[in-house]
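Colleague: Before I ask anything, here is the structure I am working with.
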């Protein structure tokens, strides 16, 4: 049995494959936190159909129904891997994981978005915060996992202001060592900020536009949204990146616009709107605009997208019970002009 302990929070389609990939290397003991499918998984495990690992039933040794139960186990976790959606306006991950964090913990955020490490630096100044950008097609349907796209992860670290770079780099590569195997593609990418900016050229512009209009990327292009909204928004992302010391490739807009060629593709935020789930608005767009304001970069298109999507997000939070509206709308004396 390994002396290392790893816990994965957010066992959906992606999280299950990440957890199994770590167990597959046999370099760390694996624990998982399961909420929605807990009763099924504790009884029968997961039914997995994976393009990387094949078809099998998997039941990890350590299964917990929540953070509190995992903390009560008495284990000290070397790696805390978060694969949930990043929804800081619904739940703050840095607060959620607090019962599990010790001085030895490396916190791994395998989540969509930008500048995710910032809230962790103040709360956990002694812990390395690893950045994992995962490219994988995997879905969870009631404990049945269907992985259709190979697990490819680019791993780096969020640049902590309090920890020496060499320690952050070592801890990051140590995580890659327990996760990388002969079935997946997990590699070290030295410039995590560059890569997340590169991904934002798509996510902060096409992903957001399609979520707002509830359309796929093809309809967005055919209807004129690509030229009128998405591409101008891409240029604003590139301006923020440049002001932040990141030079993206000259052909990045062209590459992004052609990335879904041949498909009527609905990006993740659009799918969440269609399902009635809250969207990763703050992580994908809100954090970017905070950085833009700090750098004094004007972003009128992104600002408009954000303001409109705040309304969409509010509706989704009401639908999911995160916000309760009064039975009758109050009458106010507010003056509008």
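Colleague: Identify which of 225, 74, 13 has the largest mean-square fluctuation in a Gaussian network model of the chain, with springs joining Cα atoms closer than 10 Å.
Modeller: In the Gaussian network model the winner is 74.
Colleague: Give me the Kirkwood hydrodynamic radius of region 65-134, using the inverse of the mean 1/r over all pairs of distinct Cα atoms, in Å to one decimal. Intermediate results must be reported in sequence, preceding the final value.
Modeller: Numbers: mean 1/r = 0.0800 Å⁻¹.
About 12.5 Å for region 65-134.
Colleague: Further question on the same structure: Defining a contact as two alpha carbons under 8 Å apart and six or more residues distant in sequence, what relative contact order in percent does region 5-190 show?
Modeller: Numbers: 375 pairs, mean separation 44.8, N = 186.
Rounded, it is 24 percent for region 5-190.
Colleague: Compute the angle between helix 300-319 and the longest alpha-carbon principal axis of the chain, please, reported from 0 to 90 degrees and rounded to the nearest 10.
Modeller: Roughly 60 degrees, rounded to the nearest 10.
Colleague: What are the extents of the Cα atoms of region 27-112 along their three principal axes, in Å, largest first?
Modeller: Each principal axis gives a Cα extent; for region 27-112 these are 36, 30, 27 Å.
Colleague: In which sequence would 9, 136, 17 go, from the one with the fewest C-beta neighbours within 10 Å to the one with the most?
Modeller: On the way: 9 24, 136 20, 17 29.
Ordered from fewest to most neighbouring Cβ atoms within 10 Å, 9, 136, 17 come out as 136, 9, 17.
Colleague: What are the principal axis extents of the Cα atoms in region 5-190, in Å, biggest first?
Modeller: 44, 34, 31
Colleague: For region 147-193, what is the Kirkwood estimate of the hydrodynamic radius, computed as the reciprocal of the mean inverse distance between distinct Cα atoms, to one decimal in Å? Present the calculation step by step, with values, prior to reporting the outcome.
Modeller: Values: mean 1/r = 0.0860 Å⁻¹.
Final number for the Kirkwood radius of region 147-193 is 11.6 Å.
Colleague: Moving on to the next point. Using a Gaussian network model of the chain with C-alpha springs under 10 Å, which one of 162, 209, 187 is most mobile by mean-square fluctuation?
Modeller: Checking each option, the largest mean-square fluctuation is seen for 162.
Colleague: Could you give me the percent of Cα pairs per 10 Å distance bin for the chain, shortest bin first, beginning at zero and ending with the bin that holds the maximum distance?
Modeller: Values per bin, smallest distances first: 5, 24, 33, 25, 10, 2, 0.
Colleague: Another question, if that's okay. Hey, what did region 1-61 get for relative contact order, percent, Cα under 8 Å, at least 6 apart? Show your work: numbers first, answer last.
Modeller: On the way: 71 pairs, mean separation 18.5, N = 61.
Once normalised by length, the contact order is 30 percent.
Colleague: Let me ask something additional. Over all directions, what mean area does the Cα convex hull of region 193-319 project, stated in square nanometres? Can you show the working numbers first?
Modeller: Details: hull surface 28.8 nm².
Reported value for the Cα convex hull: 7.2 nm².
Colleague: What's the angle, to the nearest 10 degrees (0 to 90), between helix 165-179's Cα axis and the longest principal axis of the chain?
Modeller: The angle comes out at about 70 degrees.
Colleague: Under a GNM of the chain (C-alpha, springs under 10 Å), which listed residue has the highest mean-square fluctuation: 308, 281, 200?
Modeller: Of the options given, 308 has the highest mean-square fluctuation.
Colleague: Let me ask something else about it. For 269, 110, what ranking results if the residue with the fewest other Cβ atoms within 10 Å of its Cβ goes first?
Modeller: Details: 269 27, 110 22.
Fewest to most other Cβ atoms nearby, the residues stand as 110, 269.
Colleague: Still on this structure: Work out how much length residue 95 to residue 315 would gain on full extension: take 0.36 nm times their residue separation and subtract the Cα-Cα distance, in nm to one decimal.
Modeller: On the way: separation 220, 0.36 × 220 = 79.20 nm, distance 2.46 nm.
Here the segment from residue 95 to residue 315 would lengthen by 76.7 nm.
Colleague: For a quick check: sort 199, 173 by the number of other beta carbons within 10 angstrom, fewest at the front. Before the final figure, lay out each step's value.
Modeller: Values: 199 20, 173 14.
Lowest to highest Cβ neighbour count: 173, 199.
Colleague: Taking a quarter of the surface of the convex hull around the Cα atoms of region 103-243, what do you get in nm²? Mind showing how you got there, number by number?
Modeller: Numbers: hull surface 44.1 nm².
If I average the Cα hull's projected area over directions, I get 11.0 nm².
Colleague: Sticking with this one: Would you work out the relative contact order for the chain, in percent, from Cα pairs under 8 angstrom that are 6 or more residues apart?
Modeller: Answer for the chain is 15 percent.
Colleague: When the helices in the chain are scored as -39500 (n - 2.57) per DSSP H run of 4 or longer and the sum is shared across all residues, what 222 nm value do you end up with, to the nearest 500 deg cm²/dmol?
Modeller: Details: 14 runs with 129 residues, N = 337.
Result for the chain, helices only: -11000 deg cm²/dmol.
FYI, it's all coordinate maths here, none of it is from the lab. The shown structure was predicted, so the numbers you read here are calculated from the model rather than taken from an experiment. Here the Cβ is made from the backbone with ideal geometry for all residues, glycine too, and neighbour counts use every protein chain on show.
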